[in-house]
Each structure stands twice: as C-alpha cells, then as structure tokens.
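The structure under discussion appears below in the form of structure tokens.
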Amino acid sequence: MPDDVRMRRGEFLTKGAAVVGAAVAAPLVGAAGAHAAAERALAGVGRGELGLVGLDHVGITVPDINQAIEWFEDVLGAVAPLTFGPLPAGPFVASVVDVAETASIDQITMLRIGHSANIELFRYTAPDGQRHDMPKNSDWSGHHVAFYVTDIDTAVEYMVEKGVRKMPAGPFTLTQGPAAGQTIQYFQTPWGGYIEFISYPDGMAYQVPSVKPLWSPKLNGTEPVVTNVPGLLGIDHIGLTVPSIDVAAAWLEQKLGFINPLTFGPFSDPTGDFMTQLVDVHPRAVVQEIRMLRGGNGPNIELFQYTSPDQDQSFRRNSDWGGHHIAFYVQRIDKGVEYLQTKAQSKLFGPVTLTDGPAAGQSINYFHDPFGADVELISYPHGMAYEATAPIPLWNPRDNHP
C-alpha cells in the first residue's frame, strides 16, 4: 500500500475515509441519473420478483446459549419471546443448514432489541468436529452487529458501567470522506463476539440529493424501546469480512437487488497498534475497503476486505462457534426461493415450513453465498404461533419504514 494512504494514529479515521470513498462518491454528486438508478435498484427486478422486504435477523452460533441470552437481556435489555428446538441430528438438519449429519441443533432463541431486525442464537452439538475459537474481525468469517444509538457518549458510558469490554480507541468520529459524520465504538461480548455502536445524528457526507441513502433505524422513530441502553434504537447494519469485496457486493447486487451508496477506506496503522485498539485485530491488519449496501428496508450489510498477518482464510460451518447467516424477509417464500435459485443456483433443501411448536408459521430456505455467510430467505405472512402469548413480539421487518 502506498505511504500516502498509511494512516498515523491521529489521522486514521479523520483522513483515511477520503482516500477511496471520495473517489467513489465524487461521480455521484450532481449526476442526474443516479437517483433514478438507485430507485430502480430498490423497486425493480430484485425486489419485485424476489419480494425482498429487508433483513429479518442475523443468526449466530454461540458457545453457551444461556450465557448469551442472559448477557443480551441484562446488558442490552433484549427480550427473548421465541425459543424452539431441539432439531435432532440426521439427514434433514444436514440438508437444510449444511452441517454434518451428526450435528444437532439443541436450541434456537430469537431476541429483539429495539425496533429493527432480530438476533437468532443457536446452540449446536457437533461430535464430528466443531470449531471452538471465535473469529477476529479481520478473519474471513469475521462479523459484528452494529446498533444505532442517539447519544454515543452516554451509551458507551452505560456499557462501561456494565463491565463490557470496550475497545480502547473510541468513540471515534469520521470527519472526512463520504462516511464523515458517523461515530463508532466496538465492544467484545463475554464469548468473544463483537458488537458496535454507531451514531450519525446529522447524517453522513455521502447523503447528497442524487444518492439513495442507506436505511437507518431512525426511520422507525427516535425513542428507544425494548432496550436498557440509553438511546439504542436497533440494529443499523451487519458487518461481514469477506475474501473478495467485489465478488460479495456483486452477488448481493445481482442476486438480491442491493444498492451500494457508500464505499470508503483503506485504513491501516503501519507503526502503531491503533488497529488493535479500535477493532481488536493484529496491529498490521489493513482494512482495504468497506462497502455498505442496502436491500429493501431494514439494516444494511457492511462488507469489509482485510489483509492481516494472522488472517484465518477459512469459512465456518453453521455448527461452528461463530458460524453465522443473514436472513431476509420475502413476501412469498415459494416465489422468492424460485427467483433466487434461478439467479444463484445454490439452494439448500427447502423451502421448509414449520407447522408445530412456537415457531409454527415460518417458512425458510438457506442459500450458499460466495462469501462464507449463508443467506436465508424467511417468510411468515400470517405470523408465528408464539405471538399468541408473547407480551412483546419479535420485530417484524414489514413494519420498517422506508
């Protein structure tokens, strides 16, 4: 990487965003056709034939599901209205979620935090092999969940008081480039996962009239609900580290109809430990590029491409600790699956409709993507059985505002 894009500690976030991001954003400013193109991307073939509404949940396999549930409830104020399983090992589970035939799903619990997409926690037993190390943000299976907060200083102070591990370098505000205006702070969970707080009370620099913006939980209201964190509104985006950002972004755009209004980076610290202090990666790790993409209404997908001396370049199975997937709500599961299969040719067994238990009413189908985090289509047009007795239901992506 040229010396002029290697950021010193104090310049890392204030100057780095301008390098690639400004070049990407500049042609959009004042371009008469850009807004129309973005509208077509959101309302055209991808959304129309697929029936994509938006992100429904992110699924994460954790070492101790009870620990994770209690942490999300105690620290973030989550509610857990839906628990189901077990699903025994065998050909059925293996074909639906691509795990070994000896792997069983012991429990699935879905959490709601705020008024945005949900979190789905999995506990697997996999006697023929299960990774028990959690991925770093720089690994190909690296991922994080980012929550929007209205006052990041107050929210961070709350997390510190709760004893959550805070990355030392933060909160940090981007002041230049297309992502200028956002402030971020990373935290690590007790089991080694990562969450982020993000805030952009006045928007970001890329938001010019010719650009269709990313979705924000602010569109669902600015009053915090179903949370203990001051000013937490809900999930803003899911961050995924991928082997090739070009391949991953193209797949989301071409198969799911996403748009890519924001690109920025690269970031590095060639002599210090700022990368470690900010996102808990090797000091010589380099974020080559970040792209944020929007599909329908609901949390965005943030793609990272890293290089790092200790980068793990393997993918995790859904049964591994740190295994994860992203699930999108579609209006009609049969048409959505048929459409995505014609585009992707990577469908696993399904669609599968649950007819018994608290999750009855949902239909799902997993697809392999080329970047290591399976994509799931989900639909529950008449709701799910648990809703009959749940005081607070999961967030429904059909309630998201555009």
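The values are calculated or read from the model by the stated rules, or taken from the named source; none is laboratory data. All of these numbers come straight from a predicted model, not from anything done at the bench. A quick note on method: Cβ atoms are made from the backbone with ideal geometry, for glycine too, and the neighbour counts reach across all protein chains shown. Heads up: the accessible areas ignore ligands, DNA and RNA and are worked out on the full protein's heavy atoms, side chains in. Shrake-Rupley method; radii C 1.70, N 1.55, O 1.52, S 1.80 Å.
Here is how the numbers come out for the structure above:
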item: Accessible surface of the chain [probe 1.4 Å, protein heavy atoms]: carbon and sulfur percent; result: 53
item: Given charges at Cβ of Lys, Arg, Asp, Glu: segment 54-142 dipole, positive-most of Val58, Gly85, Ser95; result: Val58
item: Sequence-separation-based contact order of the chain, relative, with Cα cut under 8 Å and 6+ spacing, percent; result: 25
item: Hz values of 3J(HN,Hα) by residue in segment 329-338 - Karplus curve (6.51, -1.76, 1.60), Gly and Pro given as x; result: 7, 10, 5, 10, 5, 5, 5, x, 5, 4
item: Cα-based convex hull, segment 140-263, per residue volume (Å³, whole number); result: 136
item: Surface accessible to a 1.4 Å probe, Trp251 within the full protein complex, Å²; result: 20
item: Rg to Rh, two decimals, where segment 63-128 supplies the alpha carbon set and Rh follows Kirkwood; result: 1.05
item: Cβ-placed point charges (K, R +1; D, E -1), dipole of the chain about Cα centre in debye, nearest 20; result: 800
item: Computed over segment 198-352: relative contact order in percent, which uses C-alpha pairs under 8 Å that are six or more apart; result: 21
item: Segment 110-269 - percent relative contact order, Cα under 8 Å, separation 6 or more; result: 31
item: Surface per residue (accessible, 1.4 Å probe) for segment 113-204, Å²; result: 34
item: Value of [θ]222 nm, deg cm²/dmol, for the chain, DSSP H segments ≥ 4, -39500 (n - 2.57) each, nearest 500; result: -5500 deg cm²/dmol
item: Cα-only Debye scattering, the chain: base-10 log of I(q)/I(0) at q = 0.13 Å⁻¹; result: -1.11
